[in-house]
Amino acid sequence: MKRHEQRVLAAAEAYAKQELAQEASGHDWWHVYRVDRLAERIAREENADVFICRLAALLHDLADEKLFGDEAAGLRKISEWMERHEVSPDAVRHVIEIVSTMSFKGGGRPPMRTLEGRVVQDADRLDAIGAVGIARVFAYSGAKGRLIHDPDFVPRTDMTKEQYRSADGSAVAHFYEKLLKLKDLMNTDHAKRLAEGRHETLTRYLECFYEEWEGLR
Ligand code: ADP
Ligand code: NI
């Protein structure tokens, strides 16, 4: 990687850290740190452009409407930041395309057009599963004042997001609504392999959880 690219990544790290310092909705700086680490690893395995993947990973949560009121303003802010740091116009366009597709809020996210987009999307999804994903789901649910588990509300994987939302679902229900489905949504082979292990962590965890719930363990 070129010297200039390394400097841009170091600056993007500092920028994301500063912008996300106050963030507590599951998109704190350390989420970005983990997505960056995963994106770099997957990019190397998949022969994707490491600079683009890392830059998109570091900036991916900065256009979130929760942070900037509206998404278009967030994207403009990121573009301007990249231009100020002399990122090439092609790279700016590519990173903006990735970040805007990732933060797409309509029903079902559109597929990523480029390999780099698929890598960063995989990295973001991997951070929602495995041991870290389990920690995030309980942290998020707790922050919303929801139950860890509600045996009267039987979670089903075929429930729609709307049905789940209106039921004010527990943390355990979120495993069924989203987390257990992520393994099959991975784009790249390397992420698929990582997702297998993380998925198994989820299912083993749930087994233990239900046994402990009934005093069987
Ligand atoms: P993304 O990073 O794709 O924007 P979200 O904003 O939906 O993801 O979620 C951020 C984190 O919070 C994830 O780890 C996710 O599993 C968790 N989370 C999202 N919605 C819920 C929920 N209803 N209950 C518990 N955890 C949730
Ligand atoms: Ni994210």
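The values are calculated or read from the model by the stated rules, or taken from the named source; none is laboratory data. Predicted, not measured: the structure shown is a model, and the values here were computed from it. Heads up, the Cβs are rebuilt from the backbone with ideal geometry, glycines too, and the neighbour counts pull from every protein chain shown. Each accessible area value is taken on the protein alone, full model and side chains, heavy atoms only, with ligands, DNA and RNA left out. Shrake-Rupley method; radii C 1.70, N 1.55, O 1.52, S 1.80 Å.
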If you build a Gaussian network model of the chain, linking Cα atoms that sit under 10 Å apart, which residue out of R113, R136, R37 swings the most? R113
Based on Cβ point charges of +1 for Lys and Arg and -1 for Asp and Glu, what charge dipole magnitude is obtained for region 134-217 about its Cα centre, in debye rounded to the nearest 20? 420
21 Å Cα cut-off, lysine pairs counted over the chain (separation 8 or more, or different chains): 21
Say the dipole of the chain comes from +1 at the beta carbon of Lys and Arg and -1 at that of Asp and Glu; which of A14, A143, W29 then lies farthest toward its positive end? A14
With all protein chains present, how much of the accessible area of the chain (probe radius 1.4 Å) comes from carbon and sulfur, to the nearest whole percent? 49
Please find, in a Gaussian network model of the chain (springs between Cα atoms separated by less than 10 Å), the residue of A173, A57, A143 whose mean-square fluctuation is greatest. A143
Any idea of H4's accessible area? Nearest 10 Å², probe 1.4 Å. 70
Quick one: angle between helix 29-46 and the longest Cα principal axis of the chain, in degrees between 0 and 90, rounded to 10, please. 70
Just need the relative contact order of the chain here, percent rounded to a whole number, with Cα pairs under 8 Å and 6+ apart. 18
Is the shape of the chain best called rounded, prolate or oblate, per the rule: a/c under 1.5 gives rounded, else a/b larger than b/c gives prolate, else oblate, with a ≥ b ≥ c the square roots of the Cα gyration tensor eigenvalues? prolate
Cβ-derived FRET efficiency at R0 30 Å, L147 paired with R217, nearest 0.05: 0.90
Could you identify which residue out of K144, K17, K183 has the top mean-square fluctuation in a GNM of the chain using Cα springs shorter than 10 Å? K144
Region 25-100: GluC sites (Glu not before Pro) in DSSP coil with no more than 15 other Cβ atoms inside 10 Å: E86
Just in region 120-217: which chymotrypsin sites (Phe, Trp or Tyr not before Pro) are loop by DSSP and have at most 15 other Cβ atoms within 10 Å? F153
Given charges at beta-carbon only (K, R positive; D, E negative), |dipole| of the chain in Debye: 280
Could you work out [θ]222 nm for the chain from helices alone, using -39500 (n - 2.57) per DSSP H run of at least four and dividing by all its residues? Round to the nearest 500 deg cm²/dmol. -20000 deg cm²/dmol
